[in-house]
Amino acid sequence: KQEVTQIPAALSVPEGENLVLNCSFTDSAIYNLQWFRQDPGKGLTSLLLIQSSQREQTSGRLNASLDKSSGRSTLYIAASQPGDSATYLCAVNYGGSQGNLIFGKGTKLSVKP
Amino acid sequence: GAGVSQSPSNKVTEKGKDVELRCDPISGHTALYWYRQRLGQGLEFLIYFQGNSAPDKSGLPSDRFSAERTGESVSTLTIQRTQQEDSAVYLCASSLDGGANTEAFFGQGTRLTVV
């Protein structure tokens with residue numbers, strides 16, 4: 001069974017810190033991996049998409065890496081801000097006729113001013 | 001439209017009633033997903049549509065749940081004889097296709113409360 005695990009489940013940091021969120025998956029035959037953010041009571045906002053052939057993607061203060069062989073991805077947030085407080089979700093796309101995004105349970109991030 | 005649109009945004013229904021939730025994907029997106037998110041929980045996959053292929057219904061929790069999609073446009077998720085455990089946010093997403101290069105974009109969800 002394909003599973004996606006995110007660690008830690010919750011994280012609280014002071015403003016300005018750099019931080020890393022972790023995502024691991026059991027089956028390395030992925031199409032892509034996507035990081036989302038979810039604010040309370042809202043839908044999901046796509047942050048970064050990493051294709052299976054890529055090793056990392058960057059957008060502003062965010063950097064996501066992918067290591068398929070070890071079944072891991074990390075989301076690095078530089079110089080965290082209170083506005084970064086949200087739940088961060090990792091989703092793995094296995095594609096094909098049974099393609100669906102398999103989500104981790106998320107990491108709830110709180111950045112304290 | 002510019003993004004994935006879901007309606008209604010909120011729905012309160014009595015136990016035993018049927019409900020229909022609607023999703024309008026981004027124009028041109030062939031792949032469409034439905035997910036459910038119960039309070040404090042992760043996202044549960046429900047159903048996936050890809051073009052004209054048979055949908056992947058493997059996530060539907062019971063035969064009270066069904067979904068349809070008209071071509072490559074709007075989709076409706078129907079829950080018959082609703083139960084209190086159906087209370088959740090129902091999220092719809094679409095992507096250009098289900099392939100390696102495409103991002104999934106989510107709607108804001110429909111919050112269903114069964115009383």
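The values are calculated or read from the model by the stated rules, or taken from the named source; none is laboratory data. Fair warning: this is a prediction, and the values are worked out from it, not measured in the lab. Using ideal geometry, Cβ is built from the backbone for each residue, glycine included, and neighbour counts are taken over all protein chains shown.
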Seminar exercise, completed: Filter the range A:71-95 for residues that are in contact (Cβ under 8 Å) with a residue 40 or more places away in the chain and small (Gly, Ala, Ser); the one that is farthest from the other protein chains (Cβ to nearest Cβ) is A:ALA79
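Taking B:GLU85, is it more than 25 Å from A:ALA29 (Cα to Cα) and at pLDDT 90 or above?
On the way: more than 25 Å from A:ALA29 (Cα to Cα): yes; at pLDDT 90 or above: yes.
When the stated conditions are applied, B:GLU85 passes them.
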Exercise. Considering A:VAL13, A:VAL20, which residue is among the β-branched types (Val, Ile, Thr) and under 12 Å from the mean Cα position of the chain (by Cα)?
Worked result: A:VAL20
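Have a look at A:SER28, A:SER80 and point out the one that is farther than 26 Å from B:ASP97 by Cα and among the hydroxyl-bearing types (Ser, Thr, Tyr). Explain how you work it out, then say what you get.
Numbers: A:SER28 fails: farther than 26 Å from B:ASP97 by Cα.
The match here is A:SER80.
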Exercise. Somewhere in the range A:65-75, is a residue of a type outside the set (S, T, N, Q) and closer than 23 Å to B:PHE49 by Cα?
Worked result: no
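Quick one: in the range A:96-113, of everything that is of a type outside the set (Gly, Ala, Ser) and within 12 Å of another protein chain (Cβ to nearest Cβ), which residue is surrounded by the fewest Cβ atoms within 10 Å (Cβ to Cβ)?
Kept after step one, since they are of a type outside the set (Gly, Ala, Ser), are these residues of the range A:96-113: A:98, A:100-103, A:105, A:107-109, A:111-113.
Now restrict to residues that are within 12 Å of another protein chain (Cβ to nearest Cβ): A:98, A:100-103, A:105, A:107-108.
Details: A:GLN98: 12, A:ASN100: 26, A:LEU101: 28, A:ILE102: 20, A:PHE103: 22, A:LYS105: 17, A:THR107: 21, A:LYS108: 17.
Among residues in the range A:96-113 that are of a type outside the set (Gly, Ala, Ser) and within 12 Å of another protein chain (Cβ to nearest Cβ), the one surrounded by the fewest Cβ atoms within 10 Å (Cβ to Cβ) is A:GLN98.
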Exercise. B:GLN41 versus (1) within 8 Å of another protein chain (Cβ to nearest Cβ); (2) surrounded by 13 or more Cβ atoms within 10 Å (Cβ to Cβ); (3) closer than 26 Å to A:PRO40 by Cα: which is the lone unmet condition?
Worked result: (2)
For this session: Could you run through the range B:44-71 and say how many residues are closer than 20 Å to B:GLN108 by Cα and either in contact (Cβ under 8 Å) with a residue 60 or more places away in the chain or away from chain A (no Cβ under 14 Å) (or both)?
Result: 2
Exercise. Can you name the residue in the range A:47-62 that is surrounded by fewer than 17 Cβ atoms within 10 Å (Cβ to Cβ) and within 24 Å of A:GLU17 (Cβ to Cβ) and is also farthest from the other protein chains (Cβ to nearest Cβ) among such residues?
Worked result: A:ARG61
Exercise. So B:ALA100 clears everything in (1) surrounded by fewer than 18 Cβ atoms within 10 Å (Cβ to Cβ); (2) at pLDDT 95 or above except one condition, right? Which one?
Worked result: (2)
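What is the residue count in the range A:24-46 for residues that are touching a residue at least 60 places away in the same chain (Cβ under 8 Å) and either among the small types (Gly, Ala, Ser) or more than 11 Å from every other protein chain (Cβ to nearest Cβ) (or both)?
So the first thing to find is which residues in the range A:24-46 are touching a residue at least 60 places away in the same chain (Cβ under 8 Å), and the list is A:25, A:27, A:29-34, A:38.
Add one more test, that the residue is either among the small types (Gly, Ala, Ser) or more than 11 Å from every other protein chain (Cβ to nearest Cβ) (or both), and what stays is A:25, A:27, A:29.
So the count comes out to 3.
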